[in-house]
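FYI, it's all coordinate maths here, none of it is from the lab. All figures in this text were calculated on a predicted structure; none of them were measured in a lab. Glycine also receives a Cβ, built like all others from the backbone with ideal geometry; neighbour counts cover every protein chain displayed.
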Amino acid sequence: MPPLVDTLPADWVYICEGGATIVLSYHGPSNPFFDGTVLRLRKRALDDTDTDTVHDSEQEDPIIEFQEKCLERLISPTHLPRMKRVLVGADSEKWLQALAVQCEPLRPLERRQKDEIDRKRLKAVLATDLVGGEGITVEIKARCRACFYSSPKWGFLPSPIYLSNATRPIKTQTCRFCMHSHLKALSSSYCPLDLFSGDESRTKKALNSLWDAWADRHGTVNNFRVFVNGKNISPTEQQCIVGLLSDIADPKEAVISALLPVLLDAPVLHTISRLQRTLDALDIEGLARLCGLAPIGTQPTIAEWTDFLDAYLASPTTPPPADATHLRYHVLAYLLSATFKDCSVLVRVPNGTATVIDLDPKSVDRLRKWEQLDREIVTAYAAVPNRKICVDS
Ligand SMILES: O=P(O)(O)O[C@@H]1[C@@H](OP(=O)(O)O)[C@H](OP(=O)(O)O)[C@H](O)[C@H](OP(=O)(O)O)[C@H]1OP(=O)(O)O
Ligand SMILES: Nc1ncnc2c1ncn2[C@@H]1O[C@H](COP(=O)(O)OP(=O)(O)OP(=O)(O)O)[C@@H](O)[C@H]1O
């Protein structure tokens, strides 16, 4: 694999970014290593004072090993992008600086105010380009976070016992996503439980709501994006879709009717939902209580992840008891559930493929943040007079 410096920064075109990475697609001269790929580059916070550290450890981006050794045991590799590590090469900082300068005007303002490409990195990740070439790709952030406590499937563990009397009536009625949307003052009729229901009319309702929120908020939502021939389009450009998929004259209808059979047939939504649920047996409330009993430990190594998966896969629906002896199992399970709660599905039409992205391992340091955020979300929602009732399937 040649280093990135063998290509020009201008060969890479900004596609999109999340909280941790920026993604660019290759548009340079034909090259067997880079054609059809995207570059995933880590970002650093602008207020990060450590500007001198040059990262060169194999550990700097564990996603490739995590995918090969862990994720592929949970999701079929046909539904995952292929990934490879790539060296930036000689004068890496200069090359990344040129790329950063070129991307800056294309980045959303709120991201530019927070972070930038980490120019100290020596390696990056190349992945299959899932939005490039002819076709339409719709990205849906697959936040299910079900109110699983009321699910009949959860006969194996009476999860409400881990909830406090104050939160139980709230958390068993309204899903985490809908409560969080309320806290963020983002009202929408979208409920992820509709999307994950497997029911045609509910899936269609969810897609309609996602599309409407995307259009109403001028494409600034972070849970729905539309890419046409590799370009992240804004709602004002949606007419370009007409004729690409069918003879349906309305772009929203054309996209939704193409997406629907893919989402209903592909097993990915069901798999993600199952993983989110079975890995989050205690809820953050139950886990937090358990964490008070023993130290939670450091960031899991790949060896620890594989041991955890051996145990989890031997009996996914029957977790070990929620006691101090099994704290580490529950910490790893919750971390992995958080990864699946934050992933996105890229659905490509007319090809009809569905690929899961953004499956990075989460840091153990976030457990406190999740506990605090959960408390904030539920406290705010407790004050809502007419609470939404989310229907689990
Ligand atoms: O904490 P949350 O629930 O707000 O989720 C974060 C997301 O915010 P959202 O609620 O989707 O607007 C957040 O999404 P945005 O950056 O806001 O698009 C990230 O996905 C973040 O994960 P990471 O920092 O990239 O590892 C997510 O953090 P984790 O909860 O996965 O740690
Ligand atoms: N393989 C890919 N092909 C095409 N586009 C991609 C690919 N991977 C990611 N993207 C685009 O880049 C965006 C950012 O990537 P990703 O979600 O992996 O970053 P992140 O910083 O980890 O996100 P988050 O903050 O949501 O956790 C995605 O939302 C998607 O639009």
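Taking neighbour counts of Cβ atoms within 10 Å as a proxy for exposure, in what order, fewest first, do Ile296, Ile272 appear?
Ranking Ile296, Ile272 by Cβ neighbours within 10 Å, fewest first, gives Ile296, Ile272.
Can you sort Ser76, Ser246 from fewest to most other Cβ atoms within 10 Å of each residue's own Cβ?
Working: Ser76 11, Ser246 15.
Going from sparsest to densest Cβ surroundings: Ser76, Ser246.
Multiply the residue gap between Ala314 and Asp365 by 0.36 nm, knock off their C-alpha separation, and tell me the result in nm, one decimal place.
15.6 nm
Find how much the distance from Glu110 to Leu46 grows on full extension, using 0.36 nm per residue of separation minus their present alpha carbon separation; answer in nm with one decimal. Intermediate results must be reported in sequence, preceding the final value.
Working: separation 64, 0.36 × 64 = 23.04 nm, distance 1.21 nm.
Residue separation times 0.36 nm, minus the Cα-Cα distance, leaves 21.8 nm.
Ignoring everything except DSSP H segments at least 4 long, calculate the 222 nm mean residue ellipticity for the chain; use -39,500 (n - 2.57) per segment, divide by total residues, nearest 500. Each step should come with its number before you reach the end.
On the way: 13 runs with 137 residues, N = 393.
Rounded to the nearest 500, it is -10500 deg cm²/dmol.
Of the options Ala20, Met83, Ala98, report the single residue whose Cα projects farthest towards the positive end of the charge dipole of region 4-129 (beta-carbon charges: Lys, Arg +1; Asp, Glu -1).
Sorting the options by dipole projection puts first Met83.
Take the residue pairs Lys171/Lys369; Lys69/Lys231; Lys141/Lys362; Lys184/Lys341 and return only those whose Cα atoms are more than 21 Å apart.
Flagged as over cut-off: Lys69/Lys231.
Between Arg289 and Ile161, what is the spin-label point distance in nm, taking each point 7 Å from the Cα along the Cα→C-beta axis?
0.9 nm
Take the Cβ-Cβ distance between Ser257 and Glu72 as r, set R0 to 22 Å, and report the resulting FRET efficiency rounded to the nearest 0.05.
Efficiency, rounded to the nearest 0.05: 0.10.
Mind giving me the nanometre distance, one decimal, between the label points for Glu65 and Val391, set 7 Å out from Cα along Cα→Cβ?
Result: 4.7 nm between the two label points.
Could you give the dipole magnitude of region 4-129 about its Cα centre, charging the beta-carbon of Lys and Arg +1 and that of Asp and Glu -1, in debye to the nearest 20?
Numbers: 18 positive and 23 negative charges, 58 e Å.
It comes to approximately 280 debye.
Please identify the DSSP H helices in the chain that span no less than 20 Å along the helix axis (Cα) and have a mean Kyte-Doolittle hydropathy of 0.0 or more.
Values: long enough: 200-216 (24 Å, -1.02); 251-265 (22 Å, 1.12); 327-341 (21 Å, 0.67); 366-382 (24 Å, -0.85).
Qualifying helices, which must be both long enough and hydrophobic enough, are 251-265, 327-341.
Relative to the Cα centre, what is the charge dipole magnitude of the chain, using +1 at the beta carbon of each Lys and Arg, -1 at the beta carbon of each Asp and Glu, and rounding to the nearest 20 debye?
On the way: 46 positive and 50 negative charges, 223 e Å.
The calculation lands at about 1080 debye.
Run the numbers on region 4-129 and let me know its relative contact order in percent, using alpha-carbon pairs under 8 Å that are six or more apart.
On the way: 183 pairs, mean separation 47.4, N = 126.
Relative CO of region 4-129 lands at 38 percent.
Can you give the relative contact order of region 139-382 as a percent, counting alpha carbon pairs under 8 Å and 6+ residues apart? Walk me through the numbers before you get to the answer.
On the way: 296 pairs, mean separation 62.9, N = 244.
Relative contact order for region 139-382 comes out at 26 percent.
Residue separation times 0.36 nm, minus the C-alpha to C-alpha distance between Leu183 and Asp265: what's the value? Walk me through the intermediate numbers first.
On the way: separation 82, 0.36 × 82 = 29.52 nm, distance 3.36 nm.
So the chain would gain 26.2 nm between Leu183 and Asp265.
Find the relative contact order for region 168-285 and round it to a whole percent, using C-alpha pairs within less than 8 Å whose residues are 6+ positions apart.
Working: 84 pairs, mean separation 20.3, N = 118.
Result for region 168-285 is 17 percent.
With the Cα gyration tensor of region 139-382 giving a ≥ b ≥ c as the square roots of its eigenvalues, does the rule (a/c under 1.5 for rounded; else a/b larger than b/c for prolate; else oblate) give rounded, prolate or oblate? Don't skip to the end; give the middle numbers.
Details: a/c = 2.14, a/b = 1.78, b/c = 1.20.
Because a/c hits 1.5 or more and a/b exceeds b/c, region 139-382 counts as prolate.
May I ask you to evaluate 6.51 cos²θ - 1.76 cosθ + 1.60, the Karplus curve with θ = phi - 60°, for each residue of region 114-122 and list the ³J(HN,Hα) values in order in whole Hz, giving x for glycine and proline?
With coefficients 6.51, -1.76 and 1.60, one gets 9, 8, 8, 4, 7, 6, 8, 6, 9 Hz.
What is the order of Ser257, Ser363, Ser197, fewest Cβ neighbours within 10 Å to most? Can you show the working numbers first?
On the way: Ser257 16, Ser363 11, Ser197 19.
The order, fewest Cβ neighbours first, is Ser363, Ser257, Ser197.
Place the peptides 86-96, 128-138 in order of packing, highest mean first, counting for every residue the other Cβ atoms within 10 Å and averaging per peptide.
Values: 86-96: 16.1, 128-138: 19.7.
Sorting 86-96, 128-138 by mean packing, highest first, produces 128-138, 86-96.
What does the highest-first list of 181-188, 348-355 look like by mean Cβ count within 10 Å?
Working: 181-188: 13.9, 348-355: 17.2.
Peptide ranking by packing, descending: 348-355, 181-188.
Count the DSSP beta bridges whose two residues both fall in region 4-129, then state the antiparallel fraction as a percent rounded to the nearest 5. Intermediate results must be reported in sequence, preceding the final value.
On the way: 22 of 23 bridges.
In region 4-129, DSSP labels about 95 percent of beta bridges as antiparallel.
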